[in-house]
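The values are calculated or read from the model by the stated rules, or taken from the named source; none is laboratory data. Everything numeric in this text was worked out from a predicted model, so none of it was measured. All Cβ positions, glycine included, derive from the backbone under ideal geometry; neighbour counts span all protein chains shown. These accessible areas exclude ligands, DNA and RNA; they are computed on the full protein's heavy atoms, side chains included. Shrake-Rupley method; radii C 1.70, N 1.55, O 1.52, S 1.80 Å.
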Amino acid sequence: MGAFVLLLFFFCVFDNPVGSLDNGLSLTPTMGWLHWERFMCNIDCDSDPHNCISENLYMQMANVMVTEGWKEAGYEYICIDDCWSSHQRDAQGLLQADPKRFPSGIKKLADYVHSKGLMLGIYADLGTETCGGFPGSLGYYDIDAQTFADWGVDLLKFDGCYMKWNLLGEGYTNMSIALNKTGRSIVYSCEWPLYEWPYHQPDYHALRKVCNHWRNSVDVEDSWASVKNILEWTADHQNIIVPVAGPGGWNDPDMLVIGNFGLSHDQQESQMALWAIMASPLLMSNDLRDICPRAKELLQNRHIISISQDPLGKQGYRTAKVNNFEVWERPLTGGQLALAVMNKYEAGGPRHFPLTLATLPSWKICTPECNVTQILPSYKELGVHTLFSQLVVAINPSGTALLSITPMKVE
Ligand code: GAL
């Protein structure tokens with residue numbers, strides 16, 4: 001017995017070196033779909049039945065996830081954001097879905113989503129109200145966690161509106177405990193640092209023990225300015241946030257807006273490439289029922305998804321800014337490297353970036369040789385290279401070249 005306890009102790013202490021939330025979930029960044037950026041708080045089902053927040057929306061999205069290859073590509077969570085609930089709790093004090101828009105209730109919806117082999121996410125808020133003005137969970141953490149578990153929910157996005165900032169840590173921790181107590185596996189998506197940054201630097205080691213992913217920066221919008229702003233924030237804070245990311249706990253730069261209205265195709269490629277480099281959750285917010293084939297192909301690109309889901313789970317970071325290019329790198333399993341070069345010069349045509357030791361110090365992994373594959377803007381095996389090769393990639397304005405470099409040992 002003593003030996004068993006000792007073994008358990010060693011397992012618990014040493015199996016989890018960075019101290020992640022111990023619920024065994026999100027060992028690679030969560031992949032799925034979240035309604036917010038595209039559908040927002042559209043509750044007007046009378047005049048906009050096709051796009052309003054209702055059970056139909058999630059059921060239709062679940063159907064398409066299966067029939068159009070999304071599930072097979074790895075997207076598995078269908079997530080409800082704000083504005084799903086009724087404005088009042090029920091007579092027992094439980095949260096309830098808006099009866100007009102969700103006539104079957106969330107449990108039925110979860111059953112439906114599960115019958116498709118997918119998972120259901122839901123949204124709540126640790127304060128007195130959600131950001132959209134629906135009932136908050138303050139004073140109800142145990143009850144709400146149990147309600148979500150009873151409904152069969154698989155992910156909770158827990159927002160931080162209407163709460164004193166100095167109580168965020170306590171609130172997020174208590175909800176984490178409440179979710180664990182239900183015994184159901186529920187991915188816990190937090191916004192704790194976003195609400196704490198205006199006051200002081202969040203304690204990332206503490207929040208990693210509590211959340212599976214956490215939003216750091218402002219809400220993404222459907223524009224290149226917004227995507228660039230999030231990337232800039234991430235690079236500016238990378239020394240603080242990158243080391244804490246790893247299996248079970250990820251920095252969340254917010255949703256993928258690929259397939260909507262605001263990004264050119266090159267900019268969509270940049271978002272996809274950089275979200276993979278940043279080991280971000282890949283939560284699309286778009287209309288999967290009506291998405292252009294190029295955006296779909298990009299979102300389902302298995303080479304990019306395999307970088308995102310690399311089991312080593314190290315987040316990449318910006319390594320250089322040269323001549324209006326940004327270089328981002330992510331270490332992958334087996335000594336491989338993912339490399340993204342973004343062309344930040346937004347005029348003219350494609351510009352050329354030479355992959356040399358001078359522009360890219362990590363090119364030294366090509367000693368004695370390396371194998372280079374270009375994944376974006378198009379898939380190309382670029383062959384075997386050495387430290388002295390003259391390899392040049394062409395990148396459109398606001399586009400990104402994504403490459404993987406595999407070091408080779410010469411016999
Ligand atoms: C924001 C949050 C968004 C969305 C919205 C809902 O605070 O960052 O992602 O959830 O609330 O009202």
Query raised in the report: In the stretch 242-256, how many residues are surrounded by fewer than 24 Cβ atoms within 10 Å (Cβ to Cβ) and of a type in the set (A, V, I, L, M, F, W, C)?
Result: 2
Requested in this report: Answer yes if at least one residue in the stretch 19-35 is outside any strand (DSSP E or B), acidic (D, E) and modelled with pLDDT of 95 or more, and no otherwise.
Outcome: no
Requested in this report: Looking only at the stretch 222-232, decide whether some residue is open to solvent by 20 Å² or more (accessible area, probe 1.4 Å), in contact with an Asp or Glu (Cβ under 7 Å, 6 or more places away or on another chain) and either within 12 Å of the ligand (Cβ to nearest atom) or in contact (Cβ under 8 Å) with a residue 24 or more places away in the chain (or both).
Outcome: yes
Report summary line: Listed by first then second residue, the pairs whose first member lies in the stretch 150-170 and is within 14 Å of H213 (Cα to Cα), whose partner is open to solvent by 90 Å² or more (accessible area, probe 1.4 Å) and within 12 Å of the ligand (Cβ to nearest atom), with beta carbons under 8 Å and at least 6 positions apart or on separate chains, are none
Report task. Would you mind telling me which numbered condition in (1) out of contact with any helix residue (DSSP H, G or I) (no Cβ under 9 Å at 6 or more places or on another chain); (2) within 16 Å of the ligand (Cβ to nearest atom) L167 fails? Result -> (2)
Report summary line: Filtering the stretch 164-221 for residues that are in contact with a Cys (Cβ under 6 Å, 6 or more places away or on another chain) and part of a helix (DSSP H, G or I) leaves a count of 1
Query - Which listed residue, of A273, A279, is within 17 Å of the chain's Cα centre (by Cα), in a helix (DSSP H, G or I), of a type in the set (G, A, S) and buried (at least 24 other Cβ atoms within 10 Å of the Cβ) - result: A273
Requested in this report: Looking for whichever is out of contact with any helix residue (DSSP H, G or I) (no Cβ under 6 Å at 6 or more places or on another chain), assigned by TED's automatic domain parsing to the domain that holds R89, open to solvent by 10 Å² or more (accessible area, probe 1.4 Å) and more than 19 Å from D252 (Cα to Cα) here; the options are T128, T173. Which one fits?
Outcome: T128
Report task. Consider V327 carefully, then state whether it is open to solvent by 20 Å² or more (accessible area, probe 1.4 Å), within 25 Å of D236 (Cβ to Cβ) and touching a residue at least 12 places away in the same chain (Cβ under 8 Å). Result -> no
